[in-house]
Amino acid sequence: MNSSNKEPEIDHPHSKSAEEIVKQLETNQESGLSEEEAKKRLESYGPNQLEEHDEKSLLQILIDQINNPIVYLLTAAAVLAFVFGDVPEGIAIIVVLVLNTIIGFWMEFQARKSMNALQEMDKVMAHVIRNGEEKEVDAEQLVPGDVINLAAGDLVPADARLIELAELSIDEAPLTGESVPVSKEVEPIEEDTQVADQKNMIFKGTAVTNGRGKAVVVTTGMETEIGSISEMVSEADKEQIPLNRKLEDLTKKLIWVTLALAAAFFVVGWATGKEIYQLVQTSIAWTIAAIPEGLPIVASIALAKGMLRLADHNVIVKQLAAVETLGETTVIFTDKTGTLTENRLTLQMMEFEERRADIKWSDNNSNAEIVSNDESGHGFDKEDERLKRFFEIAVLCNDAELKKKKNGEENGAGDPLDVSLLEFGNVFDSERYEKLRESNRLNEEPFDSDDMVMGTVYEIDGQIMLLCKGAAEAIVERCSNTFTADGSSDLNEDGKNKWIERNEELSEDGLRVIAFAFKELDQKPSDDADVEGDLMHDLTFLCLTGFIDPPREEVKESVATCKKAGIKVEMVTGDHPGTARNIAREVNVADEENDKALHGSDLREDVEEHDQEEVVNTRIFARVDPEQKLKLIEYYQNNGDIVAMTGDGVNDAPALKKADIGIAMGERGTQVAQEVSDMVLKNDAFSSIVEAVREGRIIFGNIRKFIMYQLSYHLSEILIIALISFTVFALPLLPLQLLFLNLLSDVFPALALGIGQGSPEVMKHDPKDPEEPIINKQNWMMIGMHGLILTIFVTGSYFFAFLYWGLSEEVCNNVAFFSLAFAQLWHVFDMREAEEPIFNNQVTRNKYVWGAVIFCVVVIIASYFIPQINNILSYQSLDLKVWILIGITSLLPVFTIQSLKEITKDMKITF
């Protein structure tokens, strides 16, 4: 909606009568607006559409890849190389930068394509009354005051106040999280009623599941409830992805250290009269030595590999760094409907006089078994009279249909509750189901939201039967008998009260409950008989029947895995507390001792002011609106948690955007939820989140490993250059040699570490502190020790060759280069955990590590024998004794570090 939109001058339309609303909007309930008036209002209010969110352009994706401090520093080094005529060095640096940019750009571009494939842009049409005639128009043309008609299957095109209805039910799950369709009414309700309980209102983006209705539009576009949520989405600030923040912090530290060392050397050299060219060349060498050129490439590829692994688990990751963030997650806020549950009503139980039976579904709901819940534990025989009556009412007192899809599966059409009864009948006894469905209906009383009952008349096995179902209180009040295992018996007031109390108990457990009853008629009623008034009395009560939106089979195990991994799983839903508690207990989000549901109306407007202990210890937040979800996430983030949020509805969108990781559903998820999320589950499976967390932890561990690997030998390069340059003012490692060496070690062995399979124990420990840097103090100590050990042996070999053997500066340069080159390759095996065996650990089991080491050895040896490369890298002809020195020097560091690991593995010192 554009900026010229005006908000209609109607506050709380649900609290006013339909007549008042029609009058205030200056419209007519029968004839609607005139076309001329509708045109004027369209110019005033603007089109009935939401503001579109800008999609990141290809140029912006490209810019994001190069907006990195390491890229800036390497670009400066390349420019200096070109300025001083070192063209090969400049080109080599540029190649590194281009490779990193291409990899990052390609992976994010593919993720965007996958997202576009998920989104469907269907145009919504509306049936509007104008000039006294009903016509179909584009929903964008609706204005406040328009009178619209709705029928089963329609999408609600705008927020509207109901003025007429017949058996109208609306699926409001995308907006409120309500798991079952809401029966609507016309009468005014209290002003402070929450959106989820405004039964005389219909809202844009929801769907009509049953009945019909007429309503007057009160708000359009951004003024609708969905529009308000959309505005919250645009206003919600997105936290920077933790991995990006930590890599950026690490990079800045490295850059300042590099610049300080280069400046110090330049000043000392200039003061002692050294040539500017040599000083600049050494400064460039220091820049290359200090900065892990392969860090952006390897980080991108490691994350990209994680994206590809997750794609195998039906997870689309929209940003590379988002993969790792899941590994740091400390809290998962999960929606209930469609995330923990299957988002479809299923028959769960039936309770007869003195006997309850549960329905046990199996084989992906293709098989149903009735299991008695009494002490006998026996099932029901299909010929049991009570079960036969139940079956007849379930199948025949029903207006839904089961239609076969192209793949042969059954697809229900009609009220979800009726569909679930037909699904049970078809699965439990398909032969009898088909026979009953062929019966002719003799008369009926359609379900009415005022009477809350439905009745149909059939002839079954020669007996005329009145079959009834409806709200428990309405059915019980019409009954004078109850049906037991021994036949019919009187139902007195105490018996009626017992069933009404039992209905309340089951409802509090989260079940959607209806009652079944029947009556044997002496004769066929006339076609114009009043079934409800004349026949629906003195009924025989049969049972209470409970329905539930069942939890997904895999969720319970997934939640258990999260708990083992130290991750809190909390349900945040717009559904009723009873329903939320029932599902939470089913999937182990809560247990009998801790299943309190905090109601949205009891949650303070400012979550920070609420009882902190109550908020932290609560696992179920029910009847929560979008703004409260947003504030809950902010509360946990302010307390240092890394928050993941799952959801599928429009009502989840602001929270999905605000969370550190927003996870939308792909099958049932709305477009707006998918657009603002960081990742999308194509199969809507909560178990995929666990795989994503596992992958995130593995990736973080791998990134930490390869950064430690890179920094330890980069530190040794700095120390080697410093020790030799400040003592004999010779450059032991030339810039191009360093770049060549770092291109090999920074990319191939580091990449092999980055795509390792990780430890099988990764989901058996708590998440690390979200504030912990990517390299902690212990890691820095290890990097320092490893770098020092490498420096000692490589510098020792240089001085041994220079001082003891008296070899030239050029040959000593080669001694240092080859000693360091091979030492760096063997150093990858030092990246095992101290508690792991020397010869059987994550590194030695990684086939990519062995491949990388062999490849690099071959490349280094080949570079020595290829004249063109030999000349570029300033290689000299080396004697056998020099090669022996190089071999011994390169092996001594790995031998020393591995020995220290074994000696200190039971101490607090870590090598």
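Model label points for residue 489 and residue 765, set 7 angstrom from Cα along the Cα-to-Cβ axis, are 6.4 nm apart.
Given Cα pairs under 8 Å that are at least 6 residues apart, what percent is the relative contact order of segment 758-911? Provide the component values of the computation, followed by the final result.
Details: 109 pairs, mean separation 51.8, N = 154.
The normalised contact order for segment 758-911 reaches 34 percent.
Note on the chain: helix-only mean residue ellipticity at 222 nm, from DSSP H runs of 4+ residues weighted -39500 (n - 2.57) and normalised by residue number, equals -15000 deg cm²/dmol.
For a paramagnetic label modelled on residue 268 (point 7 Å from Cα along Cα→Cβ), amide N atoms under 14 Å away belong, within segment 715-739, to 718-732. Percent of C-alpha pairs per 10 Å bin in the chain, short distances first: 2, 11, 17, 17, 15, 12, 9, 7, 5, 3, 1, 0, 0. Measure nothing but the geometry: give the 0 to 90° angle between the long axis through the Cα atoms of 777-799 and the longest principal axis through the Cα atoms of the chain, rounded to 10°. Value to nearest ten degrees: 30.
State the volume of the convex hull built on the alpha-carbon positions of segment 724-789, expressed per residue in Å³ and rounded to an integer. Before the final figure, lay out the partial values.
Numbers: hull volume 9.8 nm³, N = 66.
Hull volume over Cα atoms, normalised by residue count, gives 149 Å³.
Counting Lys +1, Arg +1, Asp -1, Glu -1, what net charge surrounds residue 763 among other residues with beta carbon under 9 Å of its beta carbon? Please report the intermediate quantities before stating the final value.
Details: positive: 564, 694, 697, 764; negative: 761.
Net charge in that neighbourhood comes out at +3.
Note on residue 312 and residue 522: the extension gain reaches 69.3 nm, defined as 0.36 nm multiplied by sequence separation minus the Cα-Cα distance.
Short-range pairs are left out: with C-alpha atoms under 8 Å and at least six residues apart, the relative contact order of the chain is 13 percent. The slack in the chain from residue 780 to residue 534, taken as 0.36 nm per residue of separation less the alpha-carbon distance, amounts to 79.9 nm.
Using the alpha-carbon atoms, what tilt in degrees (0 to 90, nearest 10) does helix 416-428 show relative to the longest principal axis of the chain? Here the helix axis deviates by roughly 90 degrees.
Just to confirm the number: angle between the C-alpha axis of helix 294-311 and the first principal axis of the chain, 0 to 90 degrees, nearest 10? The angle comes out near 30 degrees.
Once the Cβ-Cβ distance between residue 193 and residue 473 is put in as r, and R0 is 25 Å, what FRET efficiency do you end up with, to the nearest 0.05? Walk me through the numbers before you get to the answer.
Working: r = 22 Å, r/R0 = 0.88.
Given R0 = 25 Å and the Cβ-Cβ separation, E is 0.70.
May I ask for the percentage of alpha-carbon pairs in segment 565-711 that lie more than 20 Å from each other? Result: 53 percent of Cα pairs exceed 20 Å.
Excluding residue 495 itself, calculate the net charge of residues whose Cβ lies under 13 Å from the Cβ of residue 495, where each Lys or Arg counts +1 and each Asp or Glu counts -1. Display every interim value, and only then the final one.
Values: positive: 496, 498, 502; negative: 353, 354, 477, 490, 493, 494, 501.
Local charge sum for residue 495: -4.
Going down the list 305/905; 246/596; 382/556; 658/682; 336/764, which pairs span over 28 Å between their C-alpha atoms?
On the way: 305/905 32 Å; 246/596 38 Å; 382/556 32 Å; 658/682 21 Å; 336/764 25 Å.
Among 305/905; 246/596; 382/556; 658/682; 336/764, the Cα-Cα distance tops 28 Å for 305/905; 246/596; 382/556.
The portion of the accessible surface of the chain made up by carbon and sulfur, rounded to a whole percent, is 51 (1.4 Å probe; DNA, RNA and ligands excluded). Where a ≥ b ≥ c are the square roots of the eigenvalues of the C-alpha gyration tensor, would you call segment 398-526 rounded, which needs a/c under 1.5, or, failing that, prolate if a/b is larger than b/c, or oblate? It is oblate, given that a/c is not under 1.5 and a/b is not larger than b/c.
Under the simplified labelling scheme, the residue 593-residue 34 pair shows an inter-label distance of 7.3 nm, with each label point 7 Å from Cα along Cα→Cβ.
Any idea what the relative contact order of segment 819-878 is, in percent, if you count C-alpha pairs under 8 Å spaced at least 6 apart? Provide the component values of the computation, followed by the final result.
On the way: 20 pairs, mean separation 14.2, N = 60.
Answer for segment 819-878 is 24 percent.
In this calculation the C-beta distance from residue 858 to residue 259 is compared with R0 = 25 Å, giving a FRET efficiency of 0.10. Beta bridges from DSSP with both residues in the chain: antiparallel share about 80 percent, rounded to the nearest 5. Rolling a 1.4 Å probe across the protein heavy atoms gives the chain an accessible surface of 43 Å² per residue. Can you give the net charge of the other residues whose Cβ lies under 11 Å from the Cβ of residue 648, counting K and R as +1 and D and E as -1? The answer is -2.
When the chain is described by a simple charge dipole with +1 on each Lys and Arg Cβ and -1 on each Asp and Glu Cβ, the residue from 812, 476, 856 located farthest towards its positive end is 812.
Hey, with R₀ at 41 Å, roughly what FRET efficiency would residue 638 and residue 431 work out to, going by the Cβ-Cβ distance, to 0.05? Mind dumping the intermediate values first?
On the way: r = 61 Å, r/R0 = 1.49.
For R0 = 41 Å, the calculated efficiency reads 0.10.
For the pair residue 76 and residue 164, the difference between a 0.36 nm per residue extended length and the Cα-Cα distance amounts to 24.5 nm.
The values are calculated or read from the model by the stated rules, or taken from the named source; none is laboratory data. Everything numeric here is computed off the predicted structure, so don't read it as measured data. Reconstructed Cβ throughout: ideal geometry from the backbone, glycine too, with neighbour counts over all protein chains shown. Areas reflect the complete protein model, heavy atoms only, side chains present, ligands, DNA and RNA absent. Shrake-Rupley method; radii C 1.70, N 1.55, O 1.52, S 1.80 Å.
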